[in-house]
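The values are calculated or read from the model by the stated rules, or taken from the named source; none is laboratory data. This is a predicted model, so every value here is computed, not measured. Cβ placement follows ideal geometry from the backbone for every residue including glycine, while neighbour counts extend to all protein chains displayed. The accessibility values were calculated without ligands, DNA or RNA, using every heavy atom of the protein model including side chains. Shrake-Rupley method; radii C 1.70, N 1.55, O 1.52, S 1.80 Å.
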Amino acid sequence: MEAKTKDLWVFVETNEDGSAKNVGIELLTPGRELANKQGGALVAVIVGSNVEAAKNDAIAYGADKVIVVDSPEYKDYSTDAYAIALTTLVEKYGPTSMLIGATPNGRDLGPRVSCRLKTGLTADCTGLDIDEESGNVAWTRPAFGGNLMATILCPEHRPQIGTVRPGVFKKGEPDASHAAEVITEDIHVSEDQIRVKVLELIKEMGDENVDLEGAEIIVSGGRGVGGPEGFEPIKALAEVLGATVGTSRAAVDAGWISHAHQVGQTGKTVGPKLYIAFGISGAIQHLAGMNSSDVIVAINKDPDAPIFDVADYGVVGNLFEVLPVLTEEIKKARA
């Protein structure tokens, strides 16, 4: 289809209570820059039930317009219902580009919508810009197992769509005085159009309830911790700091800690205020998931470890000697 406007849309996914998920608000930050370069408006699109809180957040974080579809049939995410609603909106308003968070739901919804609109989709982007020569969105994502970064253009079809991992971009500062145009659309989906229904929501499965994406401090351990017991002092430091425990793929593959803690290309992309890495060498796949952290501290016995290339502070030493001392000093400072 052809674009009817130069607007850039950000799909703001909602939680069960109707509030906005972080990634949708995060995407308003690069969305603002891209919309300005495209010469269009920044539009937040919200589909859900009782989404007043999400709408207010989208406005406060800078959306020029907010398109809202608010109805009980959208309370639980459904591929069919959400794809119908979002496709209907795109066909009506014709944005030139759209950002979707690469959450489990976003990764399901994006391809469905792009297929129905007969356009392309670039998945798991870690960088966004406008190509100066063509004016198209330049989508940057890891390729070939994360060994290089590819920049992809969608020159012929509209809208240009990409999914972006949570934590890649930072939320801006909210402005309660900011005003935006709110458009309410009445789109209903009949029961026979929804082929898959949610029977039960399991909110917590023991250790699996790990909020890496929302953590302000993450303490991670990698292959260098030596085994599952090596995570005990890391957990102790995390408890002192009020931090979340992270890890690299090597430790997960070894069975030392669950995948819920994994940071990196095949885990979670994070952007905490402080990221402390113990025994993590710094493979490009791991760096892709944490190099947007505000402050990175690395502890590794190998002075040539790649992690030191991105670290703000580095300690060359045995992590089992550094960890107890660091934990005790922090305890004393906080006493």
The local net charge around Lys118, scoring Lys/Arg +1 and Asp/Glu -1 for residues other than Lys118 whose Cβ lies under 15 Å from its Cβ, equals 0
Rounded to the nearest whole number, the per residue volume of the convex hull around the C-alpha atoms of region 1-131 in Å³ is 95 Å³
HN-Hα couplings for region 92-109 via Karplus (6.51, -1.76, 1.60; θ = phi - 60°), in whole Hz with x for Gly/Pro, come out as 7, 9, x, x, 8, 7, 8, 10, 10, x, 7, 7, x, 5, x, 5, 7, 6
Once all protein chains are kept in place, Ile276 shows an accessible area at probe 1.4 Å, nearest 10 Å², of 10 Å²
Subtracting the Cα-Cα distance of Lys197 and Asp294 from 0.36 nm times their residue separation yields 30.9 nm
Here the percent of antiparallel bridges among DSSP beta bridges lying wholly in region 67-214, to the nearest 5, is 45 percent
With R₀ set to 25 angstrom, the calculated FRET efficiency between the beta-carbons of Asp76 and Ala179, to the nearest 0.05, is 0.20
For Met1, the net charge from surrounding residues (Cβ-Cβ under 13 Å; K, R +1; D, E -1) works out to +2
Plugging the Cβ-Cβ distance of Ser49 and Asp304 into 1/(1 + (r/R0)^6) at R0 = 51 Å yields, to the nearest 0.05, a FRET efficiency of 0.45
Within the chain, the percent of DSSP beta bridges that are antiparallel, given to the nearest 5, stands at 20 percent
Of all DSSP beta bridges having both residues in region 1-159, the percent classed as antiparallel (nearest 5) is 40 percent
Flagged as over-length at 30 Å C-alpha distance, from Lys6/Lys171; Lys4/Lys268; Lys55/Lys235; Lys171/Lys197; Lys6/Lys268, the pairs are Lys4/Lys268; Lys55/Lys235; Lys171/Lys197; Lys6/Lys268
Expressed in angstrom, Rg and Dmax over the Cα atoms of the chain are 21.3, 63
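What number do you get for region 224-315 when its Cα radius of gyration is normalised by 2.2 N^0.38 Å, N = residues?
For region 224-315, the normalised Cα radius of gyration comes out at 0.97.
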For the pair Glu91 and Lys235, the simple spin-label estimate (label points 7 Å beyond Cα toward Cβ) gives in nm 5.2 nm
Note, region 326-332: 3J(HN,Hα) by Karplus (6.51, -1.76, 1.60, θ = phi - 60°), whole Hz, Gly/Pro = x, goes 4, 5, 5, 5, 5, 4, 5
Answer in debye to the nearest 20: the dipole magnitude of the chain about its Cα centre, from +1 Lys/Arg and -1 Asp/Glu charges placed on Cβ, is 380 debye
Around Glu181 (Cβ within 14 Å, Cβ-to-Cβ, excluding Glu181; K/R +1, D/E -1) the net charge comes to -1
Computed D for region 63-142, Stokes-Einstein, Kirkwood radius over alpha-carbon pairs, 4 °C, 1.567 mPa s, to the nearest µm² per second, is 92 µm²/s
The percentage of the accessible area of region 114-164 (probe 1.4 Å, all protein chains present) made up of carbon and sulfur atoms, to the nearest whole number, is 52 percent
